[in-house]
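Written out below as structure tokens is the structure these notes cover.
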Amino acid sequence: MGKTVIVGAGVIGLCTAYELRKRGEEVVVLDKGQPGMGSSFGNAGWVTPGLSEPLPAPGLVWTSLRWMLDPASPLYIKPRLDPLFMGWMWRFYRNCSPAQFEAGVNALVSLAQPTWRLFDQLAAEGLRFEMHEAGLLFLGLDERKVKQLNESLQAMEEHFGVGPQLVERRELRERDPAINADVAGGVLLPRERHIRPDQLCDALVERIEELGGEVRAGVAVTGLRRHGTDIVGVETEDGEELADRVLLAAGAWSGKLAAEWGFRLPLEAGKGYSVTIQNPDLNVQQPIDLIEARAAITPFDGAFRAAGTMELSGLNTNLVRTRVNAIRKGIERYLVRWPEGERPRAWVGMRPLTSDGLPVIGKLPRTDNVYVATGHQMLGVTLAPSTAVVLSELMLDGESSIDLTPFEPGRFAGRQRSRVAA
């Protein structure tokens with residue numbers, strides 16, 4: 001075994017560090033901020049293999065055209081005369097085809113298959129984090145859209161063994177009195193789960209350090225340490241960290257870092273927002289996906305979280321109150337009222353997006369020992385444990401237990417040099 005330096009202490013980087021350390025690899029995780037405080041902190045926390053779909057989907061082009069210039073819409077695209085961004089958008093829209101979508105689903109399903117088992121394993125190994133097996137309920141104001149969604153989710157039954165279940169309007173209030181009587185119907189995915197993502201990251205840091213690994217906060221990586229043509233570690237503002245292998249897992253910032261290191265990694269930052277209320281006076285019984293509002297509700301122990309929106313405005317964490325208010329207005333159409341409680345906290349995070357909607361997992365081209373794991377869109381929590389397993393297999397054994405071809409970084413070779421626009 002050797003030593004791996006991991007750049008990025010989000011859920012992907014931490015899960016991989018834990019998996020590598022269990023196999024005897026020396027690991028050092030570096031993050032410019034605090035571990036787990038990026039996109040891994042304030043997201044909805046869903047563990048949903050049944051939603052293993054790439055973001056570019058048939059029909060999305062026309063829907064997004066209606067939304068893209070409205071700052072309060074579920075999708076907002078800030079106009080930018082940036083050729084790199086325009087190229088990314090063009091490739092994204094080209095991937096909104098039935099054939100590309102089906103191929104993307106098959107690839108993501110292969111990665112998501114062991115998700116529930118791996119989360120059970122984390123809990124069995126003593127990692128302490130909040131996890132619930134309450135399923136996922138979709139709510140719709142339009143009965144036609146509810147039935148369409150139910151039909152579209154049927155295909156997941158063959159992959160995961162349990163399909164969606166229609167929930168009639170009259171049953172909804174019996175299931176959950178917090179649901180508004182105007183909701184036309186719902187669809188239940190009974191096996192989906194949710195976790196408290198910040199607790200998972202904290203538990204991973206604690207266990208990595210218990211096993212002798214290192215997780216260092218406030219360390220900015222400035223480049224790769226080279227010896228001739230070989231990569232022998234990373235350079236930081238404080239010095240250097242030598243390594244046998246380097247893993248780039250810096251979320252939405254991975255594209256910018258890769259470009260600085262001389263690699264093409266076309267990523268866009270998809271900004272999402274959430275609001276978390278402690279000790280809410282209105283409780284929902286399970287996670288809820290709001291079909292028309294494109295928003296999410298997650299109940300935690302003693303907390304209520306509302307999350308949503310997709311904003312393409314470059315790599316920034318500026319919190320726009322219009323977007324936060326839009327989430328609240330959308331949710332108020334489905335619940336009897338907006339919950340009140342203690343210490344409401346608005347949050348913003350950056351999801352790493354590829355133009356084909358698939359993660360980037362594997363070895364960077366023209367290197368023997370620099371790897372990348374990013375681009376998981378809204379499935380970072382769901383796919384983190386399985387990504388860690390297949391990537392550690394690749395790094396230590398030279399091959400993985402699933403076909404990683406759809407996720408290879410080399411699929412971007414020859415394309416325009418990429419960065420994430422500020």
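Rule-based calculations on the coordinates, nothing more; no lab input. Quick caveat, the model's predicted, so the values are computed rather than measured. Glycine gets a Cβ as well: all are built from the backbone with ideal geometry, and neighbour counts include every protein chain shown.
To the nearest whole percent, what portion of all C-alpha pairs in region 158-300 is separated by more than 26 angstrom? Result for the distance tail: 53 percent.
Selection among L118, L60, H227 by position relative to the dipole of region 3-412 gives L60 as farthest towards the positive end (Cβ unit charges, Cα centre). Would you calculate a helix-derived [θ] at 222 nm for the chain, using -39,500 (n - 2.57) for each DSSP H run of n ≥ 4 and dividing by the full residue count, to the nearest 500? Calculated at 222 nm, the ellipticity per residue is -9500 deg cm²/dmol.
Highest mean first, the peptides 163-175, 319-331, 39-51 sorted by other C-beta atoms within 10 Å per residue fall in the order 39-51, 319-331, 163-175.
With viscosity 0.890 mPa s and temperature 25 °C, the Kirkwood radius over alpha carbon pairs of region 260-372 converts through Stokes-Einstein to a diffusion coefficient of 152 µm²/s. Shape analysis of region 1-65 based on the Cα gyration tensor places the equivalent ellipsoid semi-axes at 32, 15, 12 Å, largest first.
Pairs over the 23 Å Cα-Cα cut-off, from the set K22/K271; K3/K271; K78/K329; K32/K78: K22/K271; K3/K271; K32/K78. Along the charge dipole of the chain, pointing to its positive end and built from +1/-1 on Cβ of Lys, Arg, Asp and Glu, which listed residue (W90, N369, Q154) has its Cα farthest out? So the residue we want is W90. For V29, the amide hydrogen comes within under 5 Å of the amide hydrogens of I6, E214, V215, R216, counting only partners 5 or more places away or on other chains and with H modelled in the peptide plane. Protection proxy ranking of 230-242, 264-276, 129-141, by the mean of other Cβ atoms within 10 Å over each peptide's residues and highest first, is 264-276, 129-141, 230-242.
Only four residue types carry charge here, +1 at the Cβ of Lys and Arg and -1 at the Cβ of Asp and Glu. Report the dipole size of region 140-193 about the Cα centre in Debye, rounded to the nearest 20. Walk me through the numbers on the way to the answer.
On the way: 9 positive and 11 negative charges, 19 e Å.
That gives region 140-193 a dipole magnitude of about 80 debye.
Mind checking the angle between helix 11-22 and the chain's longest principal axis? C-alpha axes, 0 to 90 degrees, to the nearest 10. So the inclination is approximately 50 degrees. With only the Cα atoms considered, the chain has a convex hull volume of 133 Å³ per residue. For the chain, a crude dipole built from +1 on the beta carbon of Lys and Arg and -1 on the beta carbon of Asp and Glu, taken about the Cα centre, is about 1420 debye to the nearest 20. Across the options A250, P339, L30, the greatest Cα extent toward the positive end of the charge dipole of region 3-412 (unit charges at beta carbon of Lys, Arg, Asp, Glu) belongs to P339.
In order along region 74-88, phi translates into HN-Hα couplings of x, 10, 10, 10, 6, x, 9, 8, 10, x, 5, 5, 4, x, 4 Hz, rounded to whole numbers, per the Karplus curve 6.51 cos²θ - 1.76 cosθ + 1.60 with θ = phi - 60° and x for Gly and Pro. Expressed as an acute angle from 0 to 90° and rounded to the nearest 10, what is the orientation of the C-alpha long axis of helix 98-112 relative to the principal long axis of the chain? Roughly 70 degrees, rounded to the nearest 10. Counting Lys and Arg as +1 and Asp and Glu as -1 over every other residue whose Cβ lies under 13 Å from the Cβ of I195, the net charge comes to -3.
Considering Cα pairs under 8 angstrom that are at least six residues apart, work out the relative contact order of the chain and quote it in whole percent. Show your work: numbers first, answer last.
Numbers: 977 pairs, mean separation 107.2, N = 422.
Relative contact order comes out at 25 percent.
Convex hull of alpha carbon positions in region 216-267: directionally averaged projected area 3.9 nm². Extents of region 106-178, largest first, come to 43, 33, 16 Å (Cα atoms, principal axes, whole angstrom).
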